[in-house]
Every structure is written in C-alpha cells, then in structure tokens.
Amino acid sequence: MAVAIDASRVEEILDKYGEDSSALIQILLDVQREYRWLPKEALARVSERLDVPLDRIYQIGTFYKAFSLVPRGRHEVQVCMGTACHVRGAPRLLDRVSELLKLPPNSTSSDLKFTLSTVNCLGCCALGPVLVVDGDYHSKPSTEDLKRVFDACE
Amino acid sequence: MSEITLQIDGKEIKTEEGVTLLEAAREAGIHIPTLCYSEDLSTYGACRICSVEITRGKRTRIVASCCYPAQDGLVVTTNSPRVIKIRKMLIELMLAYAPGAKVLQDLAAEYGVEGTRFKAEPNLCILCGLCMRYCAEVKRANAIGFVGRGTTRQIAFVPEIALGTCATCKECFSLCPTAKLPRETDGVCLQDLTVDDFLAKHSG
Amino acid sequence: MGITLASPDDLAQFRQEILNERDPDMPIVTVCCGTGCQAYGSAKVTQAFIDEIEKQGLSAKVKTKSTGCHGFCERGVVVIILPDEICYLRVKPEDVPEIVTKTLVDKEIVERLTFEDTEAGQHVAQESEIPFYKHQSRLVFGNNRFIDPKSIEDYVARGGYGALAKALTQMKPEQVLDEVKKADVRGRGGGGFPAGIKWETTRNAPAGQKYVIVNCDEGDPGAFMDRSLMEGNPHCVLEGLIIGGYAIGATEGFVYVRQEYPLALDNILYAIEQAENHGLLGETILGSGFNFTVKVHRGAGAFVSGESSALMSAIEGRVGEPRPKYIRTAVSGIWGRPSNLNNVETWANIPLVIEKGAEWYRSIGTEGSKGTKIFSLVGKVNNTGLVEVPMGATIRQIIFDIGGGIPNGKKFKAVQTGGPSGGCIPEKFLDTQIDFDELDKLGSMMGSGGLIVMDEDTCMVDVAKYFISFLTEESCGKCVPCREGLRQMLKILERITQGEGQDGDIELLEELSEVIVDASLCALGSTAPNPVLSTIKYFREEYEAHIKEKRCPAKVCKALTSYYIDPEKCTACRLCFKNCPTGAVKGDKGIVHWIAQEECTKCGVCFEVCPARFSAVVRLSGEPVPPTPEEPIKVVRKKVKA
C-alpha cells in the first residue's frame, strides 16, 4: 500500500513511550488510532526505534482485532456477537446490517467509507443485540433505525 | 544443581534438577516422539505429541514432556492408553494437513493410525515453528514468523527482510518436518507465503 | 490538584472535611452513567436535571451526580434520588421536569416511572423494596450508586482508603496476607483459586522486584461485572491492589484493561492520577514507608490474552499467547519475576476483608465459597443486569426472584455459566446453590460470573456451535489439540446444524473433546469442550433430533427450519410482505399471503413482525411444508380476541 502518511506523528508516539519495547502493543494502539490502520512505513519506524524485529510486529498486528494492516473505513460499524446478544438474535442483526451496507462481515468498503466488523462482547448485554457506529451504541435497532444511522454517515 | 530421582515407565532415573522430562527420558534411552522440538532451539510446546502422563500422590495429569521440569519423586508414563489415545488423535488431525509427510506417515505407522477422518486443506504446514525459531535464534534474521490467530494462523515471510536474505540462506529448509518449505518456495520467489499474501487473503 | 495525605490522620481529617461540607439530608439526584445507561442517553438525562434544577431555582438545595452502574441495566436510565432512595427507571430527558417538580419540590412520587411489581399489582418506589434489589447483597457493588467515579472525595466520604490506612500502618504485611488467607477469598475471574495462597506463593518466591496485576480483560461474552466495577468505582479496585502489593512485597502494579472498555480505561487512569495527587500512590504512602506505583496497559482485542500467562506476555510487549504453566507465574511471571495476578472483583473484595476482618467475611457464603459474587444476568430474562448475591444463593433465586423470570411467558430451558469454559445447567438443577464446587459438580463452573439464561426458543446445539465458533476464532492457534481439534469440532457442529449430521458425530465430538481437554497448552483449550460436553449430557435428544430426524426442536437452525404462513390465521395485514428483504412473501390486499420457499432466506423477519394477535407466521422443522395454495385464498376476517 503506497499511501503517504505523516510520519512525524509516529515519532511523537514513540517519544511518548520513551522507546520502551515492552510498550509495543500500546504504541501500536496509538498508531492505529492515529491513522485508522497500521501503515507499513509506521511499522518499519517502530521496528527501528524499538529494536524489535518486524516479524514480531506483524504477528501482533495480525493477532489482535484492534489492529488493521489495511486502511479502515471512515465509519466503524460493529455488531456485538457475545453470547447474550447471540441469544437475542445478533446473527440476524448482522445479516441485516451486512445487507444494507453491502459488505460481508469484517471487511471495508472499497470507497473506504464503512468498515463492518464483529466484536466479541462489548459488555452492555442488557441492550442486546447491540450495534455500535463510530462509538455510539444502538440497542435493538430496527431496519428503519439502521437506515437512518447509515444514511447520516458521510 | 542437585540430583533428583524420578520414575519413567517403571525405570528409576537419576538426573539433575533443571532438565525437562523429555531430556531425562532421552538420557535414559527412553523414546518419546516429538515434532516441534529441537535441541538447538528454544522449547515451543505446540505439537503436544510428546505428551506424557505424570502422577504425583493421587493426582494424575497430562503434560508436554518437552517443557515440564523433571521433579524428585515424579512418576511418569510415556505410553499409557491415555497418552496413546492423545498421540493417535493428534496424528490424525495433522495428517489432514500433510498426508504425504514422511514424518507423519512414520508416526501413523508407529501408532497404528490408518488414515484420517478429518478433512482440511492439505497445505503441508503443521505450524511447528521450527523455521521461525531457527531464523530468530540462530540466524537472527527474523525473516519468517507467525501471522494471524487461531485457525488463520500461518507462517509468513517478511518481504522487507526475506527478499534480501533468504535466497542465499535456505537453512530452515532442512528443519521443515513436512518439507513444505523446500517444496513451496525457492527462497527467491516467496509465492503465497508473505505477510502481504496473508493480508490479501484475510482483510476485507 | 490534591492535598498530599501523609498519614492516616490526614486521611481521616480529609474525610471529615468532606463530610462537613455535605448535608446528609440534602437531596441528591444520582444518575447511572455506566456504559449501558450512557447508551440509553444518561448524559442527556443528567444535563436535563442540572438544567431543570437551575431553572426552578433549586441549585443550592439539590445536587445532581453521575454515578457508577446501578446494575438494573434492563431498565436504564436508572435514577435514584437520595437520601430517600426513590428509584425511577427508564428515565428520559422529557421526564425530568416532572420529576423535579413532583418529587423534589412537592415530595410526591411519579408512579409511572417506578418499578411495577405485576405479581403484587403495585408500584414500588423505594429502591430497597424493588425485588431486583431486595434479594441482593450489594457489599462490593453497592457503593457504585453513591460514587461519582471521577470523584475521589466521594470514595473517601464512603470510607474509602480506610482499609489501606489500616493495613499500612496497623498491620504487618504478613498479617494482611494472613487475613486474606483466613477469609478464604477465592479468585473471582474464573479459576476460583484461593487468592491468599497465590499471594503467599508470590510473597515467598525469591526476593527482588515483584508485581501485582489487575486483570480487567473480561473476555467472557455476556459478562460485564468487571467493566461496571472499573467504570463505577475504580478507587476500590486500586485500594485492593495497593493492599495486595503491600502484603506480597510488590512495589509495582499493572492494570490490564481491554480496549473494548474505553470508559473503564478513562476512569481508572483518572483515578490513578487522583490517587497520585493525594499521595495514595507513589512514595511512602500515608507515611508508611511503603512505595507503590501502577501502570495501565491496554489490551488489543484478544480473548486469549486474558489468560494470566498470556496477559503477562502482552505486558512484556510480546504477543499475548499463553505459556505452558508448569512454572507458576506467581514464581516466574513478567520478565521472569514473581507476579500475582487477580481479577478486578477479587481485588475489589480486599478492602472489605481488611476493614471488617476475615471472620466477618467468612460469615457470608457457603463452606467452600465465602463472600458474595457479582453476576451478569443476561439473555432470556426479564431483569437483565448485574446482580450481587452471597455465595449459596440458588440459581432459581437469582433468575426468578431477582431476575423476574423468563419474558413473554416462555419456559426456562437452561442457564449457561462460566462463559466459553463453562456449561449449560438445565431446569432440574435450578435449586443448586451457587458455589464454586457445586457448579463444577454439574459439569459447569462459576467462571467470571456470566449467567446466560436460555428459554424454549434456544437451540442447545446452536449454543454449542456458537461457543466453539467463538473459541476457534479466539484460540491463539499455537497448539495442535486446541487449534485443530476445535476446528474439526466446529465442522461437525456446522454439519449437524445444517442437516448433514451423521451417526457417530456425537461420539466423535466426545472423542475429540477428551484429547483437547487432556493435551491443550492452556486453559482456553482444556475447557473449550465444556459447552459441547454439557449440552450433550443434558440435551442429547436435541443432537439426536438434528442428526437422525433433521429436525431442530427449538426451530432455530436455518437449514432445518422453514417459515410458513397459516392460511387460517393470515389477515393480509401486509406487514410481512413489506418487511421481507427478498420478496419471498407473496400475496395481495385481501389475499392470504404465502412464502415462496425457494426464495426464502429464513431471516425470520416475517415471524418477528407478524402481530401477536394473528401469529400467522409459524416455523416448521422436521415436517414437510404444506404446498403453496393453487388458487389465491381470500381472507375471511374473523373477530379476533385481543
């Protein structure tokens, strides 16, 4: 992915943690939040300054759900698939969301507008099934609710 | 290091504190099969083929002999029915991936496993991690590692490093128990086995 | 900024000053601001109160406070007006002016917002009389409702940090440890291992740097006790941790919080800063000579990283995979140093144990399980939320007395406890006392406290498949039995739920389970087969129906279920037609509708939207679907009883 990034932000993040290699996961979380993904240039820089081999960084980057090694959409849509939500119909909610966004679960639209992902329990089970869009929680959304929320996303 | 005494398959074994059950067994000429273990590399404990049954007092449990420290007074059985059952099932599970691998076929013959009831993509890799550990610990190149998690876990070359080093090295090839590496990569053209290939397969 | 509390006397004085400034009779409007209620809009409710109170000129006479989770999550936004403890539920911003006028000014109750006890036929305004709260023993969780999580003053006013002062200045570390051992506090994270013994192992490990760790990676889906404690009362967890550090001889602590809990993260970071500003963290805490610092570490989205050795690897900056635990982490943990890890709720119990003593703690609970436990009661239950009961309460009491039973008149089928490591408990065991060992005997376990209630509409094979699917995704994938064993178990369960089950499948699942339990590297693997084994044990007939009859008794499994419109009941209201995403529902005005089976994707929307008084859409499984009518049938409108 040849996408230009503002590399100075990576240096700032690394400065903040004082090149402590045990903070690797924390650093990557900050990088992910900054760019909405983990660009290769950023990872190369992290590897260099922390003196941590790239393969370990790739392992961590592909092990954890919070990370994405490809650009994510501007709008994060998450459906909780925890047990309580499952029992209350989360799979059907996921089907409806997937259909509306025309995206399979755990994928990003080609125009980088939406990323649809599943999450294993957000811990607000009384609201189940739960949909989170850009950090806003929606409990038991109807099809109308879904359309309204997605239409509001630019 | 103090001396300790334990029992393996009914034999009394004297060894030093600090060795693993596997090392103690090998010292005494007792055979325990392994796949992901190598004397020259760090212990990994992933294949579980070296599982043995240990008893202390009334408690019996299954442990991986390559990692478990030998202890004074321990009673170890390397081939109890429970252990044999485990090994047979592990072989059956791995055969689904590498049906032609000699090392697995030998194990299957040794344990009377005739084929496998399971279906899987025969991609040859049993994820033993020998290549990764060798590259990290001996070559210190870190050109190959694990990516993914759970059932998507696989080995992958890091192109930024591998393109520079692998063509002239290839030392991990001889370690690969299923011969996946020598067969599927010439070290120059890292077909389908790079981090980028993994991402193409698994990111939406 | 804070005042450095350099001695227990300073702390006592600080507390007194706070209490002096507060009028105990002054009404306080407490609004729950846990993640659940926030999703219902509690921030707006809080603001509405502030605005309305000011508008009515009452700002000097009434305070408004955002507090931690009250637990009654089904009825959020929860508002409790102190000191009379009047509880209003499902409060919206538009309700606020009425509450302020009627309750705060006129001292009257707004009945429609109170709890309605349908059985007794009355409204209950008093919080402590509401059945949901009445049968609980909120010793650990109860403080949430009085505390603004961002106010250390609130915590201190409730007696907070008093236990720490007592431990640091009146007790030796060994005495603190002895007290915790005597109290027999068992780990609340899942293992139920005696905390005192773990502390002792860590304490007795070779000298040098030691660590204490809070595990707030709460990964069990359906469990959110730790989230609410960490969000609602972070200081109490911190206090427990510092006491633990003192007892063990660890001067550094870590709090590992999963990144899916942003509010908990915010609140613990804030609490740590406040504690530092007040000298409750750092050097010579309360003048005792004991130094202690704590760092927060965020998770990155992996259930397996909540396993203690994996968590410690993550803190080291390596991938959060479990290590073979043949050498205890209490002896060799983070960077090979003695590390004591405990769950959030375990730590939250410690200040109570020190303040009130082991004898008092032991007076609560059963022989084998002392104290209380917080459970997340979720799923097919009326009163979803967080519930704290003494160990020994029965499952029936929790689900029916507190939980209000099963909604929509459905029948209880099973309750799943212990998350993906636990099992499903059927009706015949409802009177079992909640206790670590009792639950183990039933083939389940306490786990972290998730209680997922299931009813007659839940397919137990689907539940087993769900858990194995969850675990195959969350497995680190390192060891063969877990990765490959679970992968194959999932394939078998998928075949069964898709109508392709074969004779011998159940036996193969059991065979695989045995090996996975025995040979896995960590507890994720070794407990993974539990949900499958327990559902086979108690609901074998469901598996057999799927395999032999290609029938799903609960009518959940899509491949085995068909949707059909009963021509006798359909009134052509057209709701199903309008909502069908694929156009499989056919029909017209005045014509009985029907479903073209080949176009139906079994999404279930028609079944959901068909009005209850018609109930024309039915699900069929294991029987042939009646053929489409050859001629359109006209609707005969019968008088339908409401």
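Going by accessible area, probe 1.4 Å, with all protein chains left in place, what is the ranking of C:40, B:37, largest first?
Correct descending sequence by accessible area is C:40, B:37.
In Å², and per residue, what accessible area does chain A have when probed at 1.4 Å with the other protein chains present?
Roughly 40 Å² per residue, with all protein chains present.
In percent, what relative contact order does chain B have, based on Cα pairs under 8 Å that are 6 or more apart in sequence?
15 percent
What is the interface area between chains A and B, defined as buried accessible area summed over both chains with a 1.4 Å probe, reported in Å² to the nearest 100?
1400 Å²
Taking every residue in A:49-57, how many Cβ atoms of other protein chains lie within 10 Å of its Cβ, on average?
That average works out to 6.
Using only the Cα atoms of region C:108-175, build the gyration tensor, take square roots of its eigenvalues as a ≥ b ≥ c, and label the shape rounded, prolate or oblate: rounded if a/c is under 1.5, else prolate if a/b is larger than b/c, else oblate.
Prolate shape, in that a/c is at least 1.5 and a/b is the bigger ratio.
If you find the alpha carbon centre of region C:509-563 and of region A:117-141, how far apart are they in angstrom?
27 Å
Among the lysines, which have Cα under 16 Å from the Cα of residue B:139 when same-chain residues fewer than 8 positions away are ignored?
Cα-Cα hits under 16 Å: B:170.
Can you give the accessible area per residue of region C:135-213, in Å², using a 1.4 Å probe?
37 Å²
Please give the net charge around residue C:391, taking every other residue with its beta carbon less than 10 angstrom from that of residue C:391, where Lys and Arg add +1 and Asp and Glu add -1.
0
Please give the direction-averaged projected area of the C-alpha convex hull for region C:471-627, in square nanometres with one decimal.
Projected area, direction-averaged: 11.0 nm².
Do any of B:201/C:465; A:65/C:478; C:441/C:465; A:147/C:578; C:578/C:634; B:180/B:201 go past 21 Å between their Cα atoms, and which?
B:201/C:465; C:441/C:465
Charges on Cβ only, +1 for Lys and Arg, -1 for Asp and Glu, centred on the Cα centroid of the protein assembly as shown; of B:25, C:400, C:87, which one is farthest towards the dipole's positive end?
Highest projection toward the positive end goes to C:400.
Using the heavy atoms of the protein chains and a 1.4 angstrom probe, tell me the accessible area per residue for region B:67-121 in square angstrom.
Counting only protein heavy atoms, the per-residue value for region B:67-121 is 45 Å².
Ignoring ligands and nucleic acids, what accessible area does residue C:614 show with a 1.4 Å probe (Å², nearest 10)?
30 Å²
When a/c is below 1.5 the answer is rounded, else prolate if a/b is larger than b/c, else oblate, so apply that to region C:322-418 with a ≥ b ≥ c taken from the square roots of the Cα gyration tensor eigenvalues.
oblate
Probe radius 1.4 Å, ligands and nucleic acids ignored: give me the carbon and sulfur share of the accessible area of the protein assembly as shown as a rounded percent.
Ligands and nucleic acids excluded, carbon and sulfur give 49 percent.
Which of the listed residues, C:382, C:564, C:284, is farthest toward the dipole's positive end in the protein assembly as shown, when Lys, Arg count +1 and Asp, Glu count -1 at the beta-carbon?
The residue sitting most towards the positive pole is C:564.
Using only the Cα atoms of chain B, build the gyration tensor, take square roots of its eigenvalues as a ≥ b ≥ c, and label the shape rounded, prolate or oblate: rounded if a/c is under 1.5, else prolate if a/b is larger than b/c, else oblate.
Prolate shape, in that a/c is at least 1.5 and a/b is the bigger ratio.
Past 30 Å, Cα to Cα, is the threshold; run B:119/C:537; C:134/C:380; C:548/C:569 against it and keep the listed order.
Long pairs (Cα-Cα over 30 Å): C:548/C:569.
Report the accessible surface area buried between chains A and C, summing both sides, using a 1.4 Å probe on protein heavy atoms only, in Å² rounded to the nearest 100.
3600 Å²
Work out the charge dipole of region B:56-127 with +1 on the Cβ of Lys and Arg and -1 on the Cβ of Asp and Glu about the Cα centre, then indicate which of B:83, B:124, B:93 is farthest towards its positive end.
Working it through, the farthest residue towards the positive pole turns out to be B:83.
Round to the nearest 10 and report in Å² the accessible area of residue C:129, as given by a 1.4 Å probe over the protein chains' heavy atoms.
90 Å²
Kindly identify residues of region A:71-94 having a loss of at least 10 Å² in accessible area between the isolated chain and the assembly of all protein chains, probe radius 1.4 Å.
So the qualifying set is A:81, A:83, A:84, A:86, A:87, A:88, A:92.
Bin width 10 Å, alpha-carbon pairs only: give the P(r) of region C:338-491 as whole percents, running from 0 to the bin holding the largest distance.
Calculated P(r), rounded to whole percents: 10, 34, 32, 19, 5, 0.
What is the projected area of the convex hull of the Cα atoms of region B:89-184, averaged over all directions, in nm²?
Dividing the Cα hull surface by four gives the mean projection, 6.6 nm².
Of C:607, C:303, which has the most accessible area and how do the rest follow, probe 1.4 Å?
Solvent-accessible surface, decreasing: C:607, C:303.
When you have a sec, figure out the Kirkwood radius of chain C from all distinct Cα pair distances and drop it here in Å to one decimal?
It is 26.9 Å.
So what's the projected area for chain A, the Cα convex hull averaged over all directions, in nm²?
Mean shadow area of the hull around the Cα atoms is 9.8 nm².
Report the Cα centroid-to-centroid distance between region C:76-132 and region C:407-472 in angstrom, as an integer.
33 Å
Can you pull a Stokes-Einstein diffusion coefficient for region C:339-396 at 4 °C (1.567 mPa s), Rh from Kirkwood over Cα pairs, as a whole number of µm²/s?
Reported coefficient: 100 µm²/s.
Give, rounded to the nearest 20 debye, the magnitude of the charge dipole that chain B has about its Cα centre when Lys and Arg contribute +1 at Cβ and Asp and Glu contribute -1 at Cβ.
Dipole about the Cα centre, nearest 20: 760 debye.
Nearest 100 Å² is fine: what is the total accessible surface buried where chains C and B meet, probe 1.4 Å?
Counting both chains, the buried surface is close to 2700 Å².
Report the Cα centroid-to-centroid distance between region A:27-100 and region B:30-58 in angstrom, as an integer.
With region A:27-100 and region B:30-58 each reduced to a Cα centre, they are spaced 35 Å.
The values are calculated or read from the model by the stated rules, or taken from the named source; none is laboratory data. On a predicted model such as this, the values are computed, not experimentally measured, just so you know. Virtual Cβ from ideal backbone geometry, glycine too; neighbours counted across all protein chains shown. Just the protein is used for accessible areas: all its heavy atoms, side chains included, with ligands, DNA and RNA removed. Shrake-Rupley method; radii C 1.70, N 1.55, O 1.52, S 1.80 Å.
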